[in-house]
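Note sheet for the following structure.
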Amino acid sequence: MIYLDYQATTPLAPEAREAMLPWLAGPDWNGGPGGFANPHSPHRAGRAAAAAVEVARDQVASLMPVGGRVIFTSGATEALNFAILGRKTRQIAVSNIEHAAVLDTVKGSGATVQPLAVGPDGVLDPAIRIAPGTDMVAVMQVNNEIGTIQPVDALAHAAHAAGALFLCDAVQGFGRIAAPAEADMIAVSAHKIHGPKGIGALWLRDGIELSPVMFGGGQEGGLRSGTLSPALCAGFGAVAALASERMEQDSAHVALLWAKARANTVLWQLNGSADARWLGNLNLRRDGLDVARLMSDCRTVAFSAGSACASGSGRPSHVLAALGLDPAAIKSSVRLGFGRYTTLREIEDACVLLNAAAAAQGV
Amino acid sequence: MTANSPLFDPIYLDHAATTPLLPAAREAMGVGFDVWANPSSPHGAGRAARAALEDARARVKAALGWQGEVIFTSGASEALALVIGCSIKPLSAVSAVEHEAVLRLSGDAVRLSCDSGGLLNEAEVARPGLVAVQHANNETGVIQPISELAAAVRGAGGVLLADCAQTAGKLALPDADLIAISAHKFGGPIGIGALLVRDWGLLQPGGGQERGYRGGTENLPGALGMAAALEAGRDWMAGAQHLRGKLDAAIVAGGGEVVAATSPRVSGHRIATIAAYSMPGMTATAQLIRFDGMGIAVSAGSACSSGSLKTSHVLQAMGYAGAGEVIRVSIGRETTEREVDRFAAAWTTLAQGRAAA
């Protein structure tokens with residue numbers, strides 16, 4: 001199987017698994033490195049677990065701007081819910097290509113919403129007007145469906161000028177490109193950067209108040225209750241450290257993969273800007289293409305039509321619609337995602353299969 | 001800590017905080033790490049992950065003997081927050097001894113008082129709306145008669161939510177309408193729990209992952225680990241009962257007191273895995289430091305509130321006078337007679353030293 005769905009999730013890095021194992025200790029634990037303790041327990045085993053959580057927190061924080069703190073959550077969805085609901089946001093401006101974790105949360109929050117429309121290239125105008133009275137602006141760094149990179153620093157300045165905070169969903173950019181330096185809150189997820197599922201974080205700039213949305217034992221300084229998993233934290237920390245070390249190397253590799261993929265898909269049209277984008281995302285369309293048939297003809301290639309979350313829902317992509325594509329064009333689009341562990345050979349083989357299957361459809 | 005040190009042979013008696021991961025659960029997680037695709041992806045790899053997730057869900061239901069629905073969450077705190085936010089019926093009452101995860105969300109809901117044995121009053125519980133009562137208390141081990149309480153609540157047109165974080169995988173599930181569980185309390189991994197729902201009609205409709213009630217990419221290794229831990233069974237509980245009996249006897253013989261040893265109304269109403277012991281004349285903090293120095297992990301109240309120096313709201317609700325001198329000792333599947341004996345001896349020595357001082 002050729003896995004080209006890096007936006008949905010990424011293969012677990014061997015380094016992450018290795019970092020997690022000592023913290024998945026069982027009854028035979030002899031007091032050596034690792035263990036199974038609750039990091040909130042004050043005894044020795046608990047303190048060792050808490051220390052591992054703090055090491056991981058520093059590793060994740062090293063990819064974040066300075067002057068803030070990392071609060072661990074179960075993932076980016078929870079981090080985004082936490083940021084929006086925890087600020088008791090009343091008036092929010094959001095891009096019209098945000099993930100459902102932002103759009104649905106905003107809808108459910110009762111806040112007044114100002115949609116910020118992207119251009120046909122899938123990028124927001126950095127000079128876009130923020131309505132007066134806005135208390136939060138939420139714009140993602142890299143879009144999960146089309147890979148476009150938003151001018152988040154300029155948008156953060158615009159938000160601040162309007163007296164609003166800037167929340168950035170950096171799930172797809174985290175560990176791959178520099179974090180949004182001007183954001184006030186940043187949501188990230190471990191499994192999108194080769195870490196384990198079940199952990200993410202909200203980075204919170206110092207001085208910004210946030211009310212908890214999950215209550216209980218008062219973990220994470222009272223902001224986010226629930227026992228933290230030292231194993232998941234260690235796995236997340238390990239991949240953050242790895243991403244930090246390999247950022248240039250991974251980017252260079254992804255650029256090669258992109259060039260190869262694009263050279264082998266000349267009959268396909270690119271959705272979204274060719275320049276302002278993360279090169280590990282290739283969203284393509286071909287007029288008249290039946291994507292369901294394409295997927296069934298290319299069973300050895302794992303790719304998607306839009307986000308994993310919306311898959312199977314039958315909902316047409318709101319992101320592609322925001323580019324101004326008509327329903328037919330939206331339905332004939334596919335997303336290829338690749339990264340660190342993808343090989344040039346896999347890209348070549350996948351393109352051969354996709355091109356042959358598309359040709360067989362006569363499109 | 002030094003491994004293999006002859007001086008250091010740790011005794012872990014803090015299973016109510018978390019439990020060692022069962023080897024079968026670790027193995028299942030390893031399988032889950034290999035099936036790393038997103039269960040919501042439509043391609044073959046995603047469908048394989050989805051199939052594994054649904055298999056885990058079916059196994060969780062079978063192992064628990066639960067006929068209703070299962071929503072995976074990051075743990076019991078999230079399951080409780082989710083149900084309190086999504087329930088069709090608003091929260092109307094909570095027991096005064098609930099975990100903070102419920103109390104902090106309880107708003108104007110009525111606080112149901114308990115007696116000195118920690119038990120609720122059935123007549124007081126009978127209310128419309130959503131009523132939250134934990135199955136076994138995490139500090140004292142006191143078990144509420146959930147099935148009777150549920151009947152009373154239903155009789156009044158209400159719905160019963162039971163926090164079973166401390167009992168799932170140890171006791172049969174009680175007859176509640178909504179149940180919150182956490183895997184790491186029964187030998188599963190930290191970071192996964194579930195909300196059990198008798199009928200979808202009890203919740204407001206939603207849309208997204210987990211039938212729309214819980215967004216976020218599913219934690220498949222966690223779900224598989226949880227299923228494996230539940231399948232390990234609860235035969236060991238009989239042995240735990242015996243060990244707890246020995247502990248209780250040793251504490252009483254050493255001049256201590258077993259909290260909620262008896263209730264004015266029933267006896268034998270505590271789960272075998274959790275006990276609260278008072279050592280008159282020595283603060284819980286002092287006891288903890290001494291035990292920690294001996295390599296014995298116990299706690300003062302819940303792990304979450306440890307170090308906060310807050311008086312236990314549970315002991316307060318029971319009208320217990322010496323709350324500051326109470327520690328929690330919680331045993332698990334792998335606790336041995338030798339460990340219990342060593343702890344009892346250490347406790348007795350400490351209590352005698354305090355008496356001699």
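Rg and Dmax over the alpha-carbon atoms of the protein assembly as shown stand at 26.6, 94 Å. Across q = 0.12 Å⁻¹, segment B:104-184 modelled as identical point scatterers on its alpha-carbon atoms has Debye log10 I(q)/I(0) values of -0.31, in the order of the q list. Sorted ascending by nearby beta carbons within 10 Å, beginning with the fewest, A:300, A:77 become A:300, A:77. Helix B:44-64 and the long axis of chain B differ in direction by around 50°, with both axes built from C-alpha atoms. Using the Cα gyration tensor of segment A:235-363, with a ≥ b ≥ c the square roots of its eigenvalues, what is the shape: rounded (a/c below 1.5), prolate (a/b larger than b/c) or oblate (neither)? It comes out prolate by the Cα gyration axes.
Values of log10 I(q)/I(0) for segment B:175-243 across q = 0.11, 0.26 Å⁻¹ run -0.37, -1.19, by the Debye formula with one identical scatterer at each alpha carbon and no solvent.
Pairs of Lys residues in chain B are counted when their Cα atoms are under 25 angstrom apart and they lie 8 or more places apart or on different chains; the count is 7. A cut-off of 5 Å between modelled amide H atoms, ignoring neighbours fewer than 5 places along the same chain, links residue B:163 with B:133, B:134, B:135, B:180.
The Cα-based radius of gyration of segment B:61-107, divided by its Kirkwood radius, gives an Rg/Rh of 1.01.
Computed packing ranks the peptides A:92-100, B:45-53, B:186-194 as B:186-194, A:92-100, B:45-53, most packed first, by mean other Cβ atoms within 10 Å.
Across chain B the C-alpha pair distances fall into 10 Å bins from zero in the proportions 5, 25, 32, 24, 12, 3, 0, 0 percent.
So what's the angle, to the nearest 10 degrees on a 0 to 90 scale, between helix A:100-109 and the longest Cα principal axis of chain A? For A:100-109 against chain A, the angle is about 60 degrees.
Averaging over all projection directions, the Cα-based convex hull of chain A occupies 18.3 nm² in the image plane.
Ordering B:257, A:248 by the number of other Cβ atoms within 10 Å of each residue's own Cβ, fewest first, gives A:248, B:257.
By definition, a body whose alpha carbon gyration tensor gives a ≥ b ≥ c is oblate when a/c is 1.5 or more and a/b is not larger than b/c, and segment A:85-241 fits this oblate description. In chain B, the longest principal axis of the Cα atoms and the axis of helix B:76-86 are about 50 degrees apart. Under 5 Å between amide hydrogens, built in the peptide plane, is the criterion, and for residue A:5 it picks out A:337 among residues at least 5 positions away or on other chains. For segment A:243-301, the equivalent ellipsoid derived from the Cα gyration tensor has semi-axes of 26, 14, 10 Å, listed largest first. Once backbone amide H atoms are built at 1.01 Å from N, residue B:91 has B:130 as its partners under 5 Å, excluding neighbours fewer than 5 places away on the same chain.
Take each residue of peptide A:93-104, count the partner chain Cβ atoms within 10 Å of its Cβ, and average: the result is 1.
No lab work stands behind these numbers, since they all come straight from the coordinates. Here the structure is a predicted model, which means the values were calculated and not measured. Cβ: placed from backbone, ideal geometry, glycine included. Neighbour counts: every protein chain shown.
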